[in-house]
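Written below as structure tokens is the structure these notes are about.
Derivation of every value follows stated rules applied to the coordinates shown; laboratory data play no part. Computed from a predicted model, the values in this text were never measured in an experiment. Cβ atoms come from the backbone with ideal geometry, glycine included; neighbour counts cover every protein chain shown.
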Amino acid sequence: MRTDNDSWDIKTGVGSTALFVAAARALGGRAVDAPARDPFAELFVRAAGPEWVDLLEGRAPGHPLLTPDFGVQFQQHQIARTRYFDDFMAAAAAAGIRQIVILAAGLDARAYRLAWPDGTAVYELDRQQVLEFKRETLAAAGHKPVADRHEVAVDLREDWPKVLRDSGFDPEAPTAWLVEGLLIYLTPAAQDQLFDAIAGLSAPGSRVAIEQMDLLPAEAVAAMSGGGDSGSDWVRMIYNEPRTESTDWFAARGWTGERIYLTDYIESLGLTPAGEGPQQQSLINLVTIVRP
Ligand code: SAM
């Protein structure tokens, strides 16, 4: 069960979700028709311990990331959202934006992986131990960021805008914000606070990309809760509560946006939604919103 001031590292609590999604990206990127690839994901997973190496090397049959009713869908979900947000970053760069903020960056390696124009600053916000694991793992493998990368160690439930500004962020410059895999780990009130902060720090021309999830039906929660596995751990970590829909929230403040359900997005890439059984992934939607 979550508390208002709980903490974690890369292998515990909410931090472990960063490792889990990195593992899904590593596996999902192996498909011949993968819409994106993130070679750094595999480095993180290998650094996390032998049980994770076993997963990558096919010695973990029955692992949740491999099951047909969840794992295969989840791999596709992660690698498809990678593509969506990579394209968002490319469009922001093409529009002249040179300031990027990745909220709850986890093991997002875009500062190392994407073709940033010269002079691009990437601010990565997450808990200190998560950011350290990323930096140390990539440094040990000889990788360097290809943008001007700033680690901003914060708890997003606290006064992170001040820490961000103190780290060099310029509120007068247009910014591209990324909120990927975060909102369900925040209470609805903390989400609204996050949106307030983003809007308050966004110069005209800024944009934000968001992954959000519709409410998980009670029967799905009940089915997952009893399992004593990673699904039940996850249900205990999220706030499955009614919350503001992001395009509405920003539209009320003059921003214009669009959103697409993940399954429609996967089809728009010429792919078929993967897996069998209940499509939890069908609740996910991807959003891009621009401040005029
Ligand atoms: N955005 C990354 C990605 O898509 O690969 C990571 C997503 S991971 C599912 C969730 C991340 O949110 C974790 O890295 C966790 O540490 C971070 N997170 C959740 N709540 C947070 C908070 N209150 N403050 C800072 N980071 C938080």
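Of note:
- Of the residues 119, 181, 257, the one that moves most in a GNM of the chain with alpha-carbon contacts below 10 Å is 119.
- Loop-located GluC sites (Glu not before Pro) in the stretch 244-292 (DSSP state other than H, G, I, E, B) with a sparse environment of at most 16 neighbouring Cβ atoms within 10 Å: 245, 276.
- Among 260, 210, 97, sorting on how many other beta-carbon atoms sit within 10 Å of each Cβ, with the fewest leading, yields 260, 97, 210.
- Estimated FRET transfer efficiency (residue 268, residue 69; beta-carbon r; R0 30 Å; 0.05): 0.80
- The sum of -39500 (n - 2.57) across all DSSP H runs of n ≥ 4, divided by the residue count of the chain, sets its helix-only mean residue ellipticity at 222 nm to -12000 deg cm²/dmol.
- When the chain is treated as a Gaussian network with alpha carbon springs shorter than 10 Å, the biggest mean-square fluctuation among 238, 79, 100 belongs to 238.
- The simple Förster model, with R0 at 30 Å and r as the Cβ-Cβ distance, assigns residue 252 and residue 118 a FRET efficiency of 0.25.
- Reachable lysines from residue 144, criterion Cα separation under 19 angstrom, eight or more residues apart if same chain: 134
- Kirkwood Rh and Cα Rg combined as Rg over Rh, evaluated for the chain: 0.93
- Straight-line cross-link reach from residue 162 at under 16 Å between alpha-carbon atoms covers these aspartates and glutamates, not counting any fewer than eight positions away in the same chain: 124, 126, 151, 170, 172, 196.
- Selected from 148, 196, 229 as most flexible by GNM, with the chain as the system and alpha-carbon contacts under 10 Å: 229
- Potential lengthening of the chain between residue 87 and residue 259 amounts to 60.5 nm, from the contour at 0.36 nm per residue minus the alpha-carbon distance.
- Förster radius 22 Å - calculated FRET efficiency between residue 129 and residue 51 (Cβ-Cβ, nearest 0.05): 0.70
- Normalised by 2.2 N^0.38 Å, with N the number of residues, the alpha-carbon radius of gyration of the stretch 77-173 equals 1.06.
- Across the chain, the relative contact order, built from alpha-carbon pairs under 8 Å that are at least six residues apart, equals 19 percent.
- Between the stretch 143-221 and the stretch 1-52, the Cα center-to-center distance that results, in Å: 19
- Whole-Å semi-axes of the stretch 131-181's equivalent ellipsoid (Cα gyration tensor): 23, 14, 11
- Using a simple spin-label model with pseudo-atoms 7 Å out from Cα toward Cβ, residue 157 and residue 225 lie 2.0 nm apart.
- With a simple spin-label model that places each label point 7 Å from the Cα along the Cα-to-Cβ direction, the separation between residue 33 and residue 9 comes to 4.2 nm.
- The stretch 146-236: GluC sites (Glu not before Pro) in DSSP coil with no more than 14 other Cβ atoms inside 10 Å: 158, 172
- Zone residues, the stretch 253-273, relative to residue 214, backbone N less than 13 Å from point 7 Å out along Cα-to-Cβ: 260-264
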